[in-house]
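Asker: Before I ask anything, let me first share the structure, which is written out below as structure tokens.
What follows is calculated from the coordinates using simple rules that are stated; it is not laboratory data. Computed from a predicted model, the values in this text were never measured in an experiment.
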């Protein structure tokens, strides 16, 4: 068998390895770890900002949707109110038209009654004249 006995070179190699680890720790590992930790902090900060931004966006969307719902409800209320006002105006105009029509009809009826009375009086007078004329011609003499 082969036996390897530790000698001075082993101690030198261990010392060189420890110096190498110390140098690498100072020059490479610590700066790399600091960079990685800083990157992790930035990522965590960015995630917090993203979560905060997402919450604000969700809040803004909810607010926007609430305003849209309110605007639609207000529009519907205004539409209903305008429809009611239009129906009331239509009823008022129709009632006014019916009133005017009734007044005009009554006025025309009164005029017809007046004209009928006048015509009836005139016709009665003419009928008497014709009756007297017919009687005169039939009798051949003047009737008083």
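Asker: For helix 8-24, report the angle its Cα long axis makes with the longest principal axis of the Cα atoms of the chain; keep it between 0 and 90° and round to the nearest 10°.
Answerer: Compared with the principal axis, the helix lies near 20 degrees.
Asker: Which length gain, in nm to one decimal place, applies between residue 142 and residue 30 when the Cα-Cα distance is subtracted from 0.36 nm times their residue separation?
Answerer: 24.8 nm
Asker: By how many degrees, between 0 and 90 and to the nearest 10, does the Cα long axis of helix 30-139 differ from the longest principal axis of the chain?
Answerer: Roughly 0 degrees, rounded to the nearest 10.
Asker: A further question follows. For the chain, what does -39500 (n - 2.57) per DSSP helix run (n ≥ 4), summed and divided by total residues, give at 222 nm, in deg cm²/dmol to the nearest 500?
Answerer: -33500 deg cm²/dmol
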